[in-house]
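I have placed the structure first, in the form of structure tokens, so that the comments after it can refer back to it.
The values are calculated or read from the model by the stated rules, or taken from the named source; none is laboratory data. Keep in mind that this is a model prediction, so the values were computed, not measured. Ideal geometry is used to build each Cβ from the backbone, glycine not excepted, and the neighbour counts take in all protein chains shown. Just the protein is used for accessible areas: all its heavy atoms, side chains included, with ligands, DNA and RNA removed. Shrake-Rupley method; radii C 1.70, N 1.55, O 1.52, S 1.80 Å.
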Amino acid sequence: MFQINDNYLKLPGSYLFSTIGKKVREYSESHPDRKIIRLGIGDVTLPLAPAITAALHSAVDEMGRAETFRGYAPDLGYDFLREAIAANDYRARGCDITADEIFVSDGAKCDSGNIQEIFSLDNRIAVCDPVYPVYVDSNVMAGRAGDYDPDSQTWSNVIYMPCTAENDFLPDLPKEAPDLIYLCFPNNPTGAAIRREQLQGWVDYAMKTGAVILYDAAYEAYITEPDVPHSIYECQGAKSCAIELRSFSKNAGFTGLRLGFTVVPKELKCGDVSLHALWARRHGTKYNGAPYIVQRAGEAVYSRAGKAQLQEQIAYYRKNAAYIYSGLKEAGYTVSGGVNSPYVWLKTPKGMTSWEFFDCLLENVNVVGTPGSGFGPGGEGYFRLTAFGSYENTVEAVDRIRTL
Ligand code: MLT
């Protein structure tokens, strides 16, 4: 008789964004006349930039001709894309990352869920609280998180690093020593950004204690302040203790196309064992590479036209973030984030729980956001709004919330 991986049974409820999707669907079915504005999941709304669609069309044509047709992609990614990433995202910022340290994938969500596979089940993870749920849930599925306590909504074997208004939503170094430290900056969900010298403190800590930092930089394109690092490799020593996860979703609108990458520097070792070699082995075994046409589209992100067009898109979403931030602040809300991030994090009014406020917004003003408690117990009493809607919808949503 077969048995299942019963770690899955330990997972409480469904994935956060599935739960929200279901609630909104039900509401919309019973209120078909209402115009619901969705500022919940961080999904982009602007269409792909012309430089990207042109690259897609041309790659599709190549695939339709015998002499330029391509079959399986190289499992770690095409050189043209890995070179473009190394040059633009790293060397241009003074980071010494080479193309062969870059592993192209179909997105940062998959990589951030999968990366834990190359580490021992005995490792202890540390996460910010609140946190992007994929980091915790993927460790639960693997059997590394221990047992769930429904009262505290925490896992017995996970080290939680509270991110509160008191510490500006930046975690303090943990008291217990973790083996794997998940950091995401600019942060999802709080929108907080870490300064370069603060991140250096984490790199120094990881080097001293022998931990690995799993650094999610999916939102780096939204950084506006010069002392906020775009990559952890801007810090001294990070190549010996950090893996970086990056996405094309938020900077280039690839949420539907799917493309991301992970950097595993060759210097990063556990004794004699190279983590680069382990991840290459994992990638080669379980993955056949992102589609050629999507990787060509990714290459276009770094073209002169692509860069200019995407700067406009990012500016558009930044304007939304600024509108949400100032509109709610003027209305008396306590807000943060939004400056180096497409997410605005607000305190729920009148002592409402995060889900009470979610229901209140959905039912009274037909606006969807994300309840902070869905990101962990530290998010209770908070709420996240995304800047990825259209400008008109963003303005209307904020104006509707102000009527409450
Ligand atoms: C979010 O809303 O937190 C993100 O869109 C989720 C994701 O990127 O997977």
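What is the local net charge at Ser58, summed over the other residues whose Cβ is closer than 14 Å to its Cβ (Lys, Arg +1; Asp, Glu -1)?
Result for the neighbourhood of Ser58: 0.
When you count, for each residue, the other Cβ atoms within 10 Å and take the mean per peptide, how do 318-329, 211-222 rank with the highest first?
Listed from highest to lowest mean packing, they are 211-222, 318-329.
Stretched out fully, how many nm does the piece from Ala177 to Tyr8 gain, at 0.36 nm a residue minus the Cα gap?
Length gained between Ala177 and Tyr8: 58.2 nm.
So if R0 is 45 Å, what FRET efficiency would Phe80 and Met1 give, r being the distance between their Cβ atoms, rounded to the nearest 0.05?
The value I calculate is 0.35.
Taking every alpha carbon pair in the range 53-302, what does the distance histogram look like in 5 angstrom bins from 0, in percent?
1, 6, 13, 18, 19, 16, 12, 7, 4, 2, 1, 0, 0
Using the Cα centre of the chain as origin and beta-carbon charges of +1 (Lys, Arg) and -1 (Asp, Glu), tell me which of Ser341, Ala86, Thr68 is placed farthest towards the positive end of the dipole.
Ranked along the dipole, the leading option is Thr68.
Counting Lys and Arg as +1 and Asp and Glu as -1, each charge on the Cβ, what is the dipole of the range 282-353 about the Cα centre in debye, to the nearest 20?
180
Could you pull out which residues in the range 3-26 have an amide N less than 18 Å from a spot 7 Å beyond the Cα of Asp43, following the Cα-Cβ vector?
14-26
Using alpha-carbon pairs under 8 Å, 6+ residues apart, how would you state the relative contact order of the range 1-114 in percent?
14
Can you give the accessible area of Asp147, probe radius 1.4 Å, in Å² rounded to 10?
100
Want the number for Glu356 to Lys286: 0.36 nm per residue separation, take away the alpha-carbon distance, what's left?
Roughly 21.0 nm would be gained on extension.
Please give, to one decimal in nm, the separation of the simple spin-label points placed at Val60 and Glu26, each 7 Å out from Cα toward the Cβ.
Result for the modelled spin labels: 3.9 nm.
Roughly how far apart, in whole Å, are the Cα centres of the range 95-148 and the range 1-80?
If we compute the Cα centre of each part, the gap is 19 Å.
So what is the relative contact order of the range 225-331, in percent, for Cα pairs below 8 Å that sit 6 or more residues apart?
Worked out over the range 225-331, it gives 18 percent.
Cross-link candidates for Lys329: which lysines have Cα within less than 24 Å, leaving aside residues fewer than 8 places away along the same chain?
Lys319, Lys347, Lys350
Taking the Cβ-Cβ separation of Arg304 and Asn364 as r and a Förster radius of 41 Å, what is the calculated FRET efficiency to the nearest 0.05?
Here the calculated transfer efficiency is 0.30.
In nm, to one decimal, how far is the modelled label at Arg70 from the one at Ala92, with both set 7 Å along Cα→Cβ?
2.1
Please list, by residue number, everything in the range 196-214 whose backbone N is under 19 Å from a paramagnetic label point 7 Å out along Cα→Cβ of Asp122.
Once the point is set 7 Å along Cα→Cβ of Asp122, 209-212 turn out to lie under 19 Å by backbone N, inside the range 196-214.
Could you give the length gained by full extension between Gln236 and Thr53, i.e. 0.36 nm per residue of separation minus their alpha carbon distance, to one decimal place?
62.1 nm
Under a point-charge model restricted to the Cβ atoms of Lys and Arg (+1) and Asp and Glu (-1), what is the dipole moment magnitude of the chain relative to its Cα centre, in debye to the nearest 20?
Around 600 debye, computed over the chain.
Run the reach check for Lys10 against lysines, Cα to Cα strictly under 28 Å, same-chain hits fewer than 8 apart removed. What comes back?
Those lysines meeting the cut-off are Lys22, Lys23, Lys109, Lys175, Lys286.
Give the relative contact order (percent, whole number) for the chain; include only Cα pairs under 8 Å separated by 6+ residues.
Worked out over the chain, it gives 23 percent.
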